[in-house]
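The values are calculated or read from the model by the stated rules, or taken from the named source; none is laboratory data. Source: prediction; values computed, not measured. All Cβ positions, even for glycine, are placed from backbone atoms using ideal geometry, and neighbour counts span all protein chains on display. Surface areas here come from the heavy atoms of the whole protein model, side chains and all, with no ligands, DNA or RNA. Shrake-Rupley method; radii C 1.70, N 1.55, O 1.52, S 1.80 Å.
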Amino acid sequence: MGSTANTAKYDGGTSVTEAGAASAAATGSTGSGKSLLNIERLSVSFSTPRGRVDVVRDVSLALAPGKALALVGESGSGKTVTARTLVGLNAANARVTADRLEVLGRDALALSERQWRGVRGKEIGYVLQDALVSLDPLRTVGQEIDEALGAHGVRGKAERLERVHQALRDAGIPDPEVRARQRSGELSGGLRQRALIAQATVLNPQLVIADEPTTALDATVQAQILELLEGLKEQGRGLIFISHDLAVVGRLADEIAVMQGGRIVESGRASEVLANPQHEYTQALIDAIPSGAAKGTRLSAAGRATSSSAAVTTTANGTPAATSAAAPIERVRATEFSATAPALEARGLAKSYPGPGGIRRTVVHDVSFTLERGKTLGIVGESGSGKSTTARIALGLTQPDTGTVTLGGFAWAGAGSETVSEDERRRHRPDIQLVNQDPLSSFDPRFSVGKVVTDALDAGAIGTPRDRTTRALDLLAQVGLPASLFDRRPLTLSGGQRQRVAIARALALQPQVLLLDEPVSALDVSIQAQVLDLLADLQDQLGLSYLFISHDLGVIHHVSDHVLVMKDGRVVESGNADELFANPQTDYTRQLLAAVPELPARA
Amino acid sequence: MSTAATTSHTELPRTTATSGSPGQVVLKRAAGSVFVLWAAVTLTFFVLRLVPGDPVTTILGGHSAAPSAETVAVVKAQYGLDQPVLVQYVNYLAGVATGNFGTSYVFKVPVLDILGPQILPTFQLAGLALLFAWAIALAFTLLTVGRGRLLDGIGRGVEVLFAALPPFWVGIMLAVVFAVILGWFPVAGDDGFKSLVLPSLALAIPLAGFIAQVTRSSFEEALAQPFILSARARGLSDLAVRLGHALRHAILPGLTLSAWAIGSLVSSAVVAEIIFARPGLGRSLVDAIINRDLPITLAVVFIIAAVYIVVNLLVDVLYRVIDPRIQKGAAA
């Protein structure tokens, strides 16, 4: 390790000497610190039982200190594999070839596992996506950071402890002495992500690789993490980050490389790529961002091709679906869903739970809203804002402490003397259906796709089993899935296809209201665009009313007619979507909007 | 196995560990222990009364003895057998509460005088067996999991084989190979550590198969978690990651299994004790059941129940040490 010591900079006045300039000069054969990365025609393939699979093909990259390079693309485009190659952590069955693979001036192809260990953590910091699972849940974050120091020969208990605290402080964590003794599960999402960054940067690596560092974070937290990463860049480090979200990329990247199917389809200066995309795939990615696009505009390329009024008969990959739009089946249930009353109306909802120390924690406080028929009401707020509890009350699954809910004029839920029993509700249950964030976990893993949908039809006991199979196929067609998926397991489907199955299931009993709880949050931007287009089409065709919950303001802006902004269990602002976004009335809404990364205007 | 439970590492683990603060746990456990002991003794007491045969016959030396009516009456009075069953039961409970387990029908001496010397050899045997079982299971896990398809397959196969082997057969094979042919260990007897090795291995090998199957799957799951990749990216070696991160996660389910295992080891020790001609509780139990020596049978049942309780308590504490989330989770 000693002979290959590279330019390592230590602040904090520790006993480690400034070895930077001297050793950089000593390793004269290296890129003399000018270039952190110099990659030409990198290819990575995996050997599988069914033969070799090429995951990365002919990728060429370069990166200078103090610059940020963004790898952009959908899941499976080879971004992550490319990044892992740079720290030598690909799976055992991977084969890496390249004309040139220089990382920090070294030939990465020639590094032994032992040499790699000296590089990882010390010269290259690697930050994974979800800190909850990327930090050992059984160990404190302090232990995790300390481990990096120990692995690279930093001795002295007191010095190590001080550096752990310093790393946490540098990552913007208040009270590092306290936080260092907590485990990842005890920290909030933002602190957790900062701790993850701290453990990757404690040794001041020259190059930091961040794989989807802000995905799944709330907008304001996301903005803070981006700021932190920007700070790393300003300290002169190189930054490679991976994202499927071009809006995030626009804020941070100097260079962008757009990947599709393992290849770089477009690369260049960030401002140019975003303002004037040349490749159609880049254009599609940019168009898929919902925030700027007004309600009614198509987001996905496939969606734009077909007119919005026509039945959606294209599948996710663009091939025609098996059958035409579903033939309407007579509603067997006799429900009195009023044609004049609002689809869903809540008045003065409140809910509290007993917390530690006998203090009741109010999670929903005086929430009222009206969802008009055929319209979309968006509820936006960060985690812990009470969105989900409000949703559960709206579904009649959680009993409110006070307040009432009516569903199409029918008393649906209430407190005290207005309590509605589940027996009374059951008859109306088909009218309101749920689609949630993670469709896979809402499916019985033993069920096939067809069974998932027919099971919902069985619950309504409509027609004969044969009718239900026909109807299930119609429903799949309606959400743009081919009949060939009928016998597949949900596990084998893509994220977008799974969400379509969940929507088909929700439509099975011909509901009036769909409660969409973060339905696109786990999807890539382009898949998200397709699902949002599908939901818009279904609303047009079936006159559905949507209660749409999301932490993503861009999505909420795009889908909603009316918006409810929630914070700490209260409604801080509500109103017409366009007005609210154009002219927010409260500080909190303004703050939320400011945190949303936006793209520069297209040329 | 790896496709299921992808979120298991982020959620609180499913466990038999009691929730609550340490003080609450001790209280809950103490109350539970008394109940379990009482239930075990009561159940055994009444079930043994249902076994055909008169205890007096046992006391007087079996069927060949033809005692006179007076002798029978005297003996009955001496052992309290002339009283109603319920009174006998209450008297017995009162005795147990004060540490008096009665007098053996066969040996005519206090039960504890007979069982006392048997307790330690059995605990040594069971303890060493558990130690061996864990050593074998962890060796398999660390050496074969995630080391390529061949080693993985070998590990898996050997574990299934071990788990399927009956202890008596393992005991005989070990005795033949290592004692009779190679002469490395004594064939039988109770003569220090050397004579403990083979009998405890006989018990440990099948148990190791079970434990290893559990630790293997949780080790596999842990290795696939992102925090393992994070640790590798910090510059840790493969071995350090396995020992420092994955192993801790893999031990947890095996630990729960061990609580059950040690209790059952004490009662199944009889196989090893008979094959290797060792003294021990298991042997005493079998002899007592065959001879209808009720007080000894009851006392052994009591001891085994007590062992279960103590071991479960220990496992509970260990679980907290390895997985500190339990306490926090219960408090939140």
### Message
For the stretch A:71-103, which positions are within 14 Å of chain B (Cβ to nearest Cβ) and either assigned to a loop (DSSP other than H, G, I, E, B) or open to solvent by 40 Å² or more (accessible area, probe 1.4 Å) (or both)?
### Response
A:T80, A:R84, A:L86, A:V87, A:G88, A:L89, A:N90, A:A91, A:A92, A:N93
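Would a scan of the stretch B:123-134 turn up a residue that is farther than 21 Å from B:A261 by Cβ and either touching a strand residue (DSSP E or B) at 6+ places or on another chain (Cβ under 6 Å) or assigned to a helix (DSSP H, G or I) (or both)? Explain how you work it out, then say what you get.
Start the filter on the stretch B:123-134 by keeping residues that are farther than 21 Å from B:A261 by Cβ, which leaves none.
Checking the stretch B:123-134: not a single residue is farther than 21 Å from B:A261 by Cβ and either touching a strand residue (DSSP E or B) at 6+ places or on another chain (Cβ under 6 Å) or assigned to a helix (DSSP H, G or I) (or both).
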### Summary
Here the residues within the stretch A:186-234 that are farther than 28 Å from A:V555 by Cβ and hydroxyl-bearing (S, T, Y) are A:T201
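Residue under question is A:V449, and the condition is that it be at pLDDT 85 or above, farther than 19 Å from A:Q541 by Cβ and open to solvent by less than 20 Å² (accessible area, probe 1.4 Å); does it hold? Please lay out each step first, then the result.
Details: at pLDDT 85 or above: yes; farther than 19 Å from A:Q541 by Cβ: yes; open to solvent by less than 20 Å² (accessible area, probe 1.4 Å): yes.
Judged against the criteria, A:V449 is a match.
Can you tell me which residue among A:D540, A:D552 is closer than 25 Å to A:E74 by Cα and among the acidic types (D, E)? Can you show your working first?
Details: A:D540 fails: closer than 25 Å to A:E74 by Cα.
Going through A:D540, A:D552 in turn, just one is closer than 25 Å to A:E74 by Cα and among the acidic types (D, E): A:D552.
Would you point out which residue out of A:D245, A:D211, A:D218 is within 25 Å of A:L61 (Cα to Cα), open to solvent by less than 30 Å² (accessible area, probe 1.4 Å) and either in contact with a Phe, Trp or Tyr (Cβ under 7 Å, 6 or more places away or on another chain) or not assigned by TED's automatic domain parsing to the domain that holds A:V525 (or both)?
Numbers: A:D245 fails: open to solvent by less than 30 Å² (accessible area, probe 1.4 Å); A:D218 fails: within 25 Å of A:L61 (Cα to Cα).
Of A:D245, A:D211, A:D218, the one residue that is within 25 Å of A:L61 (Cα to Cα), open to solvent by less than 30 Å² (accessible area, probe 1.4 Å) and either in contact with a Phe, Trp or Tyr (Cβ under 7 Å, 6 or more places away or on another chain) or not assigned by TED's automatic domain parsing to the domain that holds A:V525 (or both) is A:D211.
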### Query
Based on what the data block shows, is A:S368 open to solvent by 10 Å² or more (accessible area, probe 1.4 Å) and part of a strand (DSSP E or B)?
yes
### Query
Given the structure, is A:A108 more than 14 Å from every other protein chain (Cβ to nearest Cβ) and crowded, with 22+ Cβ neighbours inside 10 Å?
yes
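Name the residue, out of A:F447, A:F548, A:F443, that is away from chain B (no Cβ under 14 Å) and farther than 30 Å from A:T589 by Cα. Reasoning before the result, please.
Numbers: A:F548 fails: farther than 30 Å from A:T589 by Cα; A:F443 fails: away from chain B (no Cβ under 14 Å).
Selected residue: A:F447, the only one of A:F447, A:F548, A:F443 that is away from chain B (no Cβ under 14 Å) and farther than 30 Å from A:T589 by Cα.
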### Summary
Going through the stretch A:559-577 in order, the residues found to be part of a strand (DSSP E or B) and of a type outside the set (G, A, S) are A:H562, A:V563, A:L564, A:V565, A:M566, A:K567, A:R570, A:V571, A:V572, A:E573, A:N576
#### Entry: Among the candidates B:L196, B:L255, B:L281, B:L243, residue that is at negative phi, within 14 Å of chain A (Cβ to nearest Cβ), within 17 Å of the chain's Cα centre (by Cα) and in contact (Cβ under 8 Å) with a residue 12 or more places away in the chain
B:L255
### Message
For the condition in contact (Cβ under 8 Å) with a residue 12 or more places away in the chain and either assigned to a loop (DSSP other than H, G, I, E, B) or under 27 Å from A:E382 (Cα atoms) (or both), what is the one hit in A:L229, A:L239?
### Response
A:L229
### Message
Consider the stretch A:407-439. How many of its residues are among the hydroxyl-bearing types (S, T, Y) and open to solvent by 60 Å² or more (accessible area, probe 1.4 Å)?
### Response
2
### Selected residue [modelled with pLDDT under 90, of a type in the set (A, V, I, L, M) and touching a helix residue (DSSP H, G or I) at 6+ places or on another chain (Cβ under 6 Å)] from A:I209, A:I256, A:I173, A:I197
A:I173
### Query
If A:L580 passes every condition in (1) without any contact (Cβ under 8 Å) to a residue 60 or more places away in the chain; (2) surrounded by fewer than 22 Cβ atoms within 10 Å (Cβ to Cβ); (3) outside any loop (DSSP other than H, G, I, E, B) but one, which one does it miss?
(2)
### Message
Looking at the structure I just gave you, is B:V180 farther than 22 Å from B:L318 by Cα and modelled with pLDDT under 85?
### Response
yes
### Query
For the stretch A:529-552, how many residues meet the condition of being within 19 Å of A:S383 (Cβ to Cβ) and open to solvent by 10 Å² or more (accessible area, probe 1.4 Å)?
2
#### Entry: Count - residues of the stretch A:529-558 that are within 16 Å of A:G496 (Cα to Cα) and assigned to a loop (DSSP other than H, G, I, E, B)
0
### Query
Of all the residues that make up the stretch A:425-448, how many are touching a Phe, Trp or Tyr at 6+ places or on another chain (Cβ under 9 Å) and part of a helix (DSSP H, G or I)?
2
### Task
Output the number of residues of the stretch B:284-332 satisfying the condition of being within 14 Å of another protein chain (Cβ to nearest Cβ) and at pLDDT below 80.
9
### Message
Take the residues in the stretch A:125-136 that are over 12 Å from B:I228 (Cβ atoms) and out of contact with any strand residue (DSSP E or B) (no Cβ under 6 Å at 6 or more places or on another chain); name whichever of them is nearest to the other protein chains (Cβ to nearest Cβ).
### Response
A:L132
### Task
Run A:R114 past the list (1) more than 9 Å from every other protein chain (Cβ to nearest Cβ); (2) open to solvent by 30 Å² or more (accessible area, probe 1.4 Å) and report the number of the one that doesn't hold.
(1)
### Task
State the number of residues belonging to the stretch B:265-275 that are open to solvent by less than 30 Å² (accessible area, probe 1.4 Å) and either over 13 Å from B:S200 (Cα atoms) or modelled with pLDDT under 80 (or both).
1
